[in-house]
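This report refers to the structure that appears directly beneath it.
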Amino acid sequence: NTVFKPVNGIRITLLIPYLSLIVSLKLYNTYAALVLTYLVFTLPYCILMTTGYLNTLPKELDEAVMIDGGSRWKALWKILVPTAVPGLVSVGMYTFMQAWNEYLFALALTKTNDMRTVPVGINLLMGQHSYEWNQMMAMSVLGSLPILVLFLFFQRYFIAGMTAGSVKS
């Protein structure tokens, strides 16, 4: 009973050519390889998410700045960017969670234990004949703490950013 997930299937298909590219660029077992990988796989979706969110912002905000005598740059930095904060924070959280939880490329692109990511490190606790359940659960809790802290820190910006810049002060 295997469930086919199209996104993971595409990533598996790209693993061997991508790995050979990383090796030929001499980036194997480096942080640059992991950063480049996560950038390549999350950037297109992030662009689509950000574009979709920015298209929902009302054009009247931009026009109101022009009527008040402001420039396009003032409209961008004083009105549109603060209004877009919830969308940008959401995209940032999505990107971070995708990179933090990625397993396949982190396993393939790293060789030494000091370069391994948290999901790969948790998997290394699984032996051939036994599982270190207590250590695996402790590592899972510790691995989820950065995401929890990040969410708690940026939670207030979701609400505050929605109304920032919409009202002239």
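In the set Met93, Met162, which member is modelled with pLDDT under 85 and either out of contact with any Asp or Glu (no Cβ under 9 Å at 6 or more places or on another chain) or closer than 21 Å to Ile47 by Cβ (or both)?
Met162
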>> Tell me whether segment 45-52 contains one or more residues that are among the aromatic types (Phe, Trp, Tyr), out of contact with any strand residue (DSSP E or B) (no Cβ under 8 Å at 6 or more places or on another chain) and over 27 Å from Leu148 (Cβ atoms).
In response: no
> Taking segment 11-36, which residues are surrounded by 12 or more Cβ atoms within 10 Å (Cβ to Cβ) and polar (S, T, N, Q)?
Replying inline: Asn29, Thr30
>> Suppose we keep only residues that are among the small types (Gly, Ala, Ser) and more than 10 Å from the chain's Cα centre (by Cα) within segment 89-134. Which one would you say is least open to solvent (accessible area, probe 1.4 Å)?
In response: Ala106
> Looking only at segment 93-138, which residues are touching a residue at least 60 places away in the same chain (Cβ under 8 Å) and either among the polar types (S, T, N, Q) or part of a helix (DSSP H, G or I) (or both)?
Replying inline: Met93, Gln98, Ala99, Leu104, Phe105, Ala106, Ala108, Thr110, Thr112, Met115, Thr117
>> Quick check on my filter: what residues within segment 11-36 are part of a helix (DSSP H, G or I) and touching a residue at least 24 places away in the same chain (Cβ under 8 Å)?
In response: Arg11, Ile12, Leu15, Tyr18, Leu19, Ile22, Tyr31, Ala33, Leu34
>> Of everything in segment 37-82, what is more than 23 Å from the chain's Cα centre (by Cα), outside any loop (DSSP other than H, G, I, E, B) and surrounded by 12 or more Cβ atoms within 10 Å (Cβ to Cβ)? Give them in sequence order.
In response: Leu61, Asp62, Ala64, Val65, Met66, Lys74, Ala75, Leu76, Trp77, Lys78, Ile79
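The values are calculated or read from the model by the stated rules, or taken from the named source; none is laboratory data. Being a predicted model, the structure only gives us computed values, none of them experimental. So basically every Cβ, Gly included, is an ideal-geometry build from the backbone, and we count neighbours across all protein chains shown. Just so you know, the surface numbers come from the protein's heavy atoms only, side chains and all, with ligands and any DNA or RNA stripped out. Shrake-Rupley method; radii C 1.70, N 1.55, O 1.52, S 1.80 Å.
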